[in-house]
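Structure record follows, encoded as structure tokens.
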Amino acid sequence: MSGVEAARRGLVARIDPAGHPLPLSEAAPGSAGRTGFWRTHRPVLEPARCVGCYLCWLYCPEDVIEMAEGAGPRGQAVPVIDYEYCKGCGVCVDVCPTRALKLVEEPIGEG
Amino acid sequence: MEALKKPVRTIWDIPRPEQFAPGHNMCQGCAAALIMRMLMKVVGKDAIVVMGTGCVEVTTTPFPYTSWKNPWLHLAFENTAAGASGVEAALKALQRKYGVFKDRYIKVVAIAGDGGTFDIGLQSLSGMMERGHDVMYVVYDNEAYMNTGIQRSGATPLGAWTTTTPVGKRMRGEPRPKKDIIGIALAHRIPYIATANPAYPTDMMEKFRKAYETRGPSLVHVYSPCTPGWRIRNEHTIHVSRLAVQTGMWVQLEIENGKPRVTVKVPKRKPVREYLRIQGRFRHLTEEEIQKIQRMVDEYVEEINRWVGEQAIGPVVEE
Ligand SMILES: Cc1ncc(C[n+]2csc(CCOP(=O)(O)OP(=O)(O)O)c2C)c(N)n1
Ligand code: SF4
Ligand code: SF4
Ligand code: SF4
Ligand SMILES: [Mg+2]
């Protein structure tokens with residue numbers, strides 16, 4: 001295995017006791033690459049409307065939402081979305097009870 | 001992260017750490033991705049995952065990459081449960097002969113799709129349940145063979161379009177109702193059986209927790225919307241899942257040592273039309289055909305109510 005290959009995400013070379021390299025995979029984000037490239041629309045937060053209910057975090061199929069405790073304008077927890085891997089499915093927008101999340105068209109050339 | 005011990009009652013009981021990495025190849029809005037995420041949160045790092053081929057496997061393990069932080073074994077389509085039985089037997093033998101894992105509970109969690117469970121893997125599942133292996137079996141049911149291009153399975157519901165149950169002059173989608181996998185599991189008298197739905201995550205995770213804690217075979221049958229296969233909007237995954245429960249198309253059951261219980265009661269049912277109308281796979285259905293499905297669901301609900309001994313699911317109330 002070349003050094004370049006070993007440096008790729010998720011791939012780990014281990015050496016066994018006899019000195020042979022073992023091509024082992026270790027779990028890491030992005031087994032399918034930067035899935036954020038899939039997006040045509042991105043979920044965007046309007047912090048003032050968020051009530052910190054965690055529902056978007058709970059239902060995100062991709063697990064790309066982290067809740068930032070106390071980071072909202074009223075001290076509430078607000079979602080922080082990892083756009084590297086967010087696929088723009090819109091589930092978080094659909095489950096948000098206060099319409100704090102909106103799907104907006106992905107700017108061309110970014111993402 | 002250890003397996004979850006405390007009951008899951010509210011969102012605050014759900015562990016924050018994750019055992020399943022994002023950025024895999026599952027489609028936008030795929031419910032199976034959410035189900036795997038919740039499952040792995042509950043079972044934690046000491047589970048050995050044994051997986052039958054299907055969408056989840058193919059999309060999360062493109063060699064040499066993986067989304068699974070757990071030990072993970074690929075199996076063919078027909079032998080998920082046989083492989084799981086073997087791993088469990090090997091663990092027991094290692095424990096007996098060499099005393100390994102004496103103070104750790106290592107458990108085998110088998111995962112397969114509906115095609116791999118209701119049809120092709122049925123004999124090996126039956127053997128696993130009959131022999132009483134200590135395996136938790138999770139079937140994520142997207143109601144067709146999705147990975148190979150939406151072919152019907154024994155789990156495809158009545159009237160659903162698939163590529164092998166087309167809609168035309170001779171055929172109007174799937175001609176038969178769904179196979180009763182819960183009835184099949186019941187016939188094996190295993191200690192824990194449940195149905196779960198991703199719109200009710202605390203209920204689902206509590207069932208995963210109980211299935212994991214069961215000593216002996218357990219089976220959790222999970223409803224799993226597939227956005228391209230069901231012809232639904234990506235963001236509607238949870239909405240459709242909730243409607244399945246609210247219309248009685250899907251009943252949230254738990255059967256502990258043969259005793260059945262409905263875990264999510266529905267005092268007023270919505271008409272099945274509301275569930276069918278938002279899915280492209282049912283778009284061809286006429287009002288008459290919808291009424292036929294409604295009558296089928298009415299009968300099913302009555303049967304469940306009789307079985308659990310209370311009116312857990314109420315009558316249809318048009319809004
Ligand atoms: C014996 C055998 N027949 C066919 C296949 C091809 N195959 C791979 S995945 C799959 C469909 C799986 O359907 P299901 O179990 O419902 O999982 P899903 O893809 O829907 O998640 C098929 C037919 C196979 N791998 N082995
Ligand atoms: S759009 Fe989908 S993937 Fe992105 S944060 Fe929302 S739920 Fe998660
Ligand atoms: S679902 Fe909406 S209100 Fe709730 S935490 Fe997320 S953005 Fe805020
Ligand atoms: S085809 Fe369906 S089940 Fe398969 S990954 Fe896509 S949404 Fe999920
Ligand atoms: Mg399937």
Checklist entry - Does B:Glu174 meet the test of being among the charged types (D, E, K, R) and touching a residue at least 60 places away in the same chain (Cβ under 8 Å)? => result no
Reported set for the range B:66-81 where residues are open to solvent by 30 Å² or more (accessible area, probe 1.4 Å) and within 14 Å of chain A (Cβ to nearest Cβ) is B:Lys69, B:Pro71, B:Trp72, B:Leu73, B:His74
Within the range B:72-128, restricting to residues that are part of a strand (DSSP E or B) and within 16 Å of ligand 4 (Cβ to nearest atom), the one that is farthest from B:Lys179 (Cα to Cα) is B:Ile111
Across (1) assigned to a helix (DSSP H, G or I); (2) open to solvent by 10 Å² or more (accessible area, probe 1.4 Å); (3) among the β-branched types (Val, Ile, Thr), B:Val56 clears everything bar (2)
One residue is enough: does the range B:82-91 have a residue meeting the conditions away from chain A (no Cβ under 14 Å), crowded, with 24+ Cβ neighbours inside 10 Å and modelled with pLDDT of 95 or more?
yes
>> When you scan the range B:103-118, do you find a residue that is under 19 Å from B:Thr195 (Cβ atoms) and among the polar types (S, T, N, Q), even just one?
In response: yes
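So that you can scan it fast, the table gives a plain yes or no per residue for (1) assigned to a strand (DSSP E or B); (2) within 9 Å of another protein chain (Cβ to nearest Cβ); (3) closer than 18 Å to B:Pro22 by Cα:
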residue: A:Leu22; (1), (2), (3): yes, no, no
residue: A:Ser31; (1), (2), (3): no, yes, yes
residue: A:Gly36; (1), (2), (3): no, yes, yes
residue: A:Gly52; (1), (2), (3): no, no, no
residue: A:Leu58; (1), (2), (3): no, yes, yes
Could you go through the range A:49-66 and let me know if any residue there is within 14 Å of A:Cys92 (Cβ to Cβ), near ligand 3 (Cβ under 7 Å from one of its atoms) and under 12 Å from the mean Cα position of the chain (by Cα). yes
When restricted to B:Val316, B:Val301, the only residue surrounded by fewer than 18 Cβ atoms within 10 Å (Cβ to Cβ) and in contact (Cβ under 8 Å) with a residue 40 or more places away in the chain is B:Val316
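The values are calculated or read from the model by the stated rules, or taken from the named source; none is laboratory data. Please read all numbers here as calculations on a predicted model, not as lab measurements. Don't worry about glycine lacking a Cβ; one is built from the backbone with ideal geometry, like all the others, and counts go over all protein chains shown. To get the accessible areas, we keep the full protein, side chains included, count just its heavy atoms, and leave off ligands, DNA and RNA. Shrake-Rupley method; radii C 1.70, N 1.55, O 1.52, S 1.80 Å.
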